[in-house]
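The values are calculated or read from the model by the stated rules, or taken from the named source; none is laboratory data. Keep in mind the model is a prediction, meaning the values are calculated, not measured. FYI the Cβ positions are ideal-geometry reconstructions off the backbone, even for glycines, and counts take in every protein chain you see. The area values use the complete protein model at the heavy-atom level, side chains included, leaving out ligands, DNA and RNA. Shrake-Rupley method; radii C 1.70, N 1.55, O 1.52, S 1.80 Å.
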Amino acid sequence: MSHNPIRPWRNIDRRRSRQIMVGNVPVGGDAPISVQTMTNTLTTDASATIKQVIAAAEAGADIVRVSVPDADSAKAMHEICRESPVPIVADIHFHYKRGIEAAEAGAACLRINPGNIGDATRVKEVVKAARDHNCSIRIGVNAGSLEKHLLEKYGEPCPDAMVESGMHHIKLLEDNDFHEFKISMKASDIFMTAAAYQQLADQTDAPFHMGITEAGGFVGGTVKSAIGLGNLLWAGIGDTMRVSLSADPVEEIKIGFEILKSLGLRHRGVNIISCPSCARQGFDVIKTVATLEERLEHIKTPMSLSIIGCVVNGPGEALMTDVGFTGGGAGSGMVYLAGKQSHKMSNDQMVDHIVEQVEKKAEEIEAAQAASEQAAE
């Protein structure tokens, strides 16, 4: 909401982590929380993978992860990294050579568990490759793949086991004087995930990659991720995140930004505030919002739009948004601009008109930002 002041009771006091770089994207410190996804194409099909990476980037992805399970996939990474508009994270699980090859191919980050790739010599070789090629590392702790000795010690996956695993892997990197790493503590159980991140926050200043792993399909996974990640982010924990869904990677990006937007941590595109509709509505709210979401996808400028079916809450919501439309009955409604009543518009023309008003407002915001940046120079 560009025309409203920042309210102090909305502020989130973020955990102060150290900052690393994933390619040209800063992660940690005071950097914006970056949003990630992962391709689900065969990495050996470089053209299909690149196409998916570009689609994710256009949706707003700051970073994209690509699985590198074999030597042919590592070879394909040369083209993928070269053509990608965003930094690529190479997902490595067991074979240390894939990590070395991915770093040489241009990956900006390696996702590994140092303890899973072999003895100290192999860890040292991967770290050397990362350092030589300006590559960061993500330590990926997952409740579903904890070390056997930890499962024997704790009896089952739990936050204590996850944190012990994470701290062990951190030590392996720090023993090699490597500090350009972030770490994740993922589980499909939101309580376990939250507890693990909270415990780890007291033991390291490493930046955190956030996620609820194996969260499920679009609806269920979105809800679990919003609850789990939302609570951690609200507590100030988190530096980069992926919403893991059994869905198109682009949908992961959209949901990630919606979570961050709802907490005021990132602002991108149009934030639509709309009512669920009821018998009082003066127009078809559900259909209108669905149409506007599709037609306003091209807007990247942060701004707010209220679409309310009647005058009960409509005027009040419109006071808080850049552009608003409130149904008034008799085939027309009121258009609000910058929180003030502006003019009436017929329901049958309102969608085109709202799109026009949003595009105009986006241009004004962009022009004001450009003028401010020029004045600062």
Filtering the stretch 170-206 down to residues that are closer than 18 Å to Trp234 by Cβ and open to solvent by less than 10 Å² (accessible area, probe 1.4 Å) yields Met185, Thr193, Ala196, Tyr197, Leu200
Would the stretch 223-234 turn up any residue that is buried (at least 18 other Cβ atoms within 10 Å of the Cβ) and in contact with a Pro (Cβ under 9 Å, 6 or more places away or on another chain)? no
Among the residues of the stretch 237-256, write down those that are open to solvent by less than 10 Å² (accessible area, probe 1.4 Å) and not charged (D, E, K, R). Gly238, Thr240, Met241, Val243, Pro249, Ile253, Gly256
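Residues are listed down the side, and each one gets a yes or a no for (1) under 30 Å from Ala55 (Cα atoms); (2) touching a residue at least 40 places away in the same chain (Cβ under 8 Å); (3) among the basic types (Lys, Arg); (4) open to solvent by less than 50 Å² (accessible area, probe 1.4 Å):
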| residue | (1), (2), (3), (4) |
| --- | --- |
| Ala290 | yes, no, no, no |
| Arg295 | yes, yes, yes, no |
| Thr301 | yes, yes, no, yes |
| Lys361 | yes, yes, yes, yes |
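Among the residues of the stretch 257-269, what is the count of those that are at negative phi and open to solvent by 20 Å² or more (accessible area, probe 1.4 Å)? Show your work before the answer.
Taking the stretch 257-269 and keeping what is at negative phi, we get 257-263, 265-268.
So of that shortlist, the ones also open to solvent by 20 Å² or more (accessible area, probe 1.4 Å) come out as 258, 261-263, 265-268.
Matching residues across the stretch 257-269 total 8.
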Out of the residues in the stretch 263-317 that are of a type in the set (Gly, Ala, Ser) and more than 28 Å from the chain's Cα centre (by Cα), state the one that is farthest from Val358 (Cα to Cα). Ala279
What is the number of the single condition among (1) assigned to a helix (DSSP H, G or I); (2) open to solvent by 60 Å² or more (accessible area, probe 1.4 Å) that Lys344 does not meet? (1)
For Glu366, state whether it is surrounded by fewer than 18 Cβ atoms within 10 Å (Cβ to Cβ), on the phi < 0 side of the Ramachandran plot and out of contact with any Ser or Thr (no Cβ under 9 Å at 6 or more places or on another chain). no
Here the residues within the stretch 61-77 that are surrounded by 19 or more Cβ atoms within 10 Å (Cβ to Cβ) and either of a type outside the set (A, V, I, L, M, F, W, C) or closer than 20 Å to Ser244 by Cα (or both) are Ala61, Asp62, Ile63, Val64, Arg65, Val66, Ser67, Val68, Ser73
